[in-house]
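Only one structure is covered here, and it is reproduced in the block below.
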Amino acid sequence: MTTSTDEIGLILDHEGISPQFQPIVDLFTGAVVAFEGLCRGPEGSPLHMPDDLFDAARAADRLEDLDWHCRTTVLRAALDVGLRPPLTVFLNVEPRVLSAAPIDAMPVLARAIGGLRVIIELTERALLERPATLLRFVEKVRQAGWGIALDDVGAHPHSLAMLSVIEPDVVKLDLQLLLGMPGTSATSLLSGVQTYCRRSGARLVAEGVETEDDVGVARSIGAHYGQGWTFGGPTSLAAAPTANSHPVPMINPRPHRPTRRLINLLSRADTPVPANRTRIDRASRYMLEHAAEMGPSTLVLACVQGTGFVSTSIRDALEKLAQRVAYVAVLGTGLSSSPLPGVHGVEINAIDPLVSEWVIATIGLHESMGLVASDLGDDYDDGSARRYEYAVTYDPQMVTDVARALMTRIV
């Protein structure tokens, strides 16, 4: 009897993947602006549909093989049918597979970088499993001249929490998911996505546009583009259509340039002020308690220097916070991977410059807060009188820079 593991092996070994392309259209002109490349298993096979195909690959420990095979299959097909600029190819990438390209994929990648306009589409799954790897991958994509899209936004709080950190050029929102949400949840999701798009210049794609009424709804929520059965399902392409529209824009966000000392980021705007340990704890506790009220899509990162600096009140605030928001990570020396329920612990090296800084960064849908306190090194006094210089910012870009610097340590 053939198992799913056997079948995924046969599919990969015998080129059993078929590429299909679904159009993405301008909601106001009806012009096709892009195609999302999708892959299917053999017709009539239990692994024909992508969810079944990828589930089988995970079970067989061949997810990386399948994901790279699908990427190269789509890119090769796009090149062969002539999907040239200004048309854009949306290419799905599994966030768990951010490894370097295998040797056999390199020729296709080289041709694609030279000949296609590509936006890498990241699904919301596993975005926060390896943040440092994810951020490095995004930087490399941008260096290649390609863009980033975040798919299934709102299906999980993680995807909303990561909007400002990843800074996608395109946000894809499932219209049917939105319409099926309770009113307050839908309003919160839509408001957060619209805030990000207005601030960054990113474009919104409404997925699941199934009827003419859906087209009107998609326009009303601020979507520029639509995708769904109203405009056509996934199909094979014999030739590229004539492009008669402007390309999907890429926002080309600021490159992330981490600094060795995070206090230097904040001091560009405000002069740090002196404080003792008690004052730093009080300000940190306020930020953590406020973050708990910022909504379930909030992202919180902190550096606590070392376990000996964490007071009982800060520990309690972190534990309560982890029950209310999408993600809480704490960095420091002497930390376990799970220092508190729901909190991701990250051990940092004792010679990391971050050890001399106490940091809180909170990113929500509508507001962000950051605190960086530079330890002045009073080895003789580890108590409440220990001296710091600190600065606070509410600037979203500055808070994002601080959060990214912390996330580069979360491998």
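Computed values, structure above
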| read-out | value |
| --- | --- |
| Relative contact order computed over the stretch 4-227 (Cα-Cα under 8 Å; 6+ residues apart), in percent | 16 percent |
| Fraction of antiparallel bridges per DSSP, the stretch 4-227 only, in percent to nearest 5 | 30 percent |
| Charged-residue dipole, Cβ positions (Lys, Arg, Asp, Glu), the chain about Cα centre, Debye nearest 20 | 1360 debye |
| Sum of side-chain charges, ARG279 neighbourhood, beta-carbon under 14 Å (Lys, Arg +1; Asp, Glu -1) | +2 |
| Long-range amide H partners of ALA34 with built H, under 5 Å | ILE24, THR88 |
| Exposure proxy ranking, count of Cβ atoms within 10 Å, fewest first, for CYS39, CYS303, CYS70 | CYS39, CYS70, CYS303 |
| Length-normalised contact order of the chain in % [C-alpha pairs under 8 Å, at least 6 apart] | 15 percent |
| Candidates GLY232, GLY145, GLY180, ranked by Gaussian network fluctuation over the chain, Cα under 10 Å, top entry | GLY180 |
| Only Lys, Arg (+1) and Asp, Glu (-1) charged, at Cβ; the stretch 263-407 dipole about Cα centre in debye | 260 debye |
| Selection of GluC sites (Glu not before Pro), the stretch 98-140, meeting DSSP coil and at most 14 other Cβ within 10 Å | GLU129 |
| Taking ILE360, ILE103, ILE11 and counting other C-beta atoms within 10 Å, the order from fewest to most | ILE103, ILE11, ILE360 |
| Residue among SER191, CYS39, ALA57 farthest towards the positive dipole end of the stretch 4-227, charges placed on Cβ | SER191 |
| Residue with peak Gaussian network fluctuation, the chain [Cα springs, cutoff 10 Å], from VAL141, VAL33, VAL300 | VAL141 |
| Sparse-neighbour loop sites [GluC sites (Glu not before Pro); the stretch 36-110; at most 15 other C-beta within 10 Å; DSSP] | GLU43 |
| Relative packing of peptides 155-165, 209-219 - highest average C-beta neighbours within 10 Å first | 155-165, 209-219 |
| Max mean-square fluctuation residue, GNM over the chain, Cα-Cα springs under 10 Å, options VAL118, VAL355, VAL273 | VAL273 |
| Between 0 and 90°, nearest 10: helix 131-143 axis offset from the chain longest Cα axis | 50 degrees |
| Degrees, to the nearest 10: 63-81 long Cα axis against longest axis of the chain | 50 degrees |
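Read-outs throughout are calculated quantities, based only on the coordinates presented, and are distinct from any laboratory measurement. Bear in mind the structure is a predicted one, so any value in this text is a computation, not a measurement. FYI the Cβ positions are ideal-geometry reconstructions off the backbone, even for glycines, and counts take in every protein chain you see.
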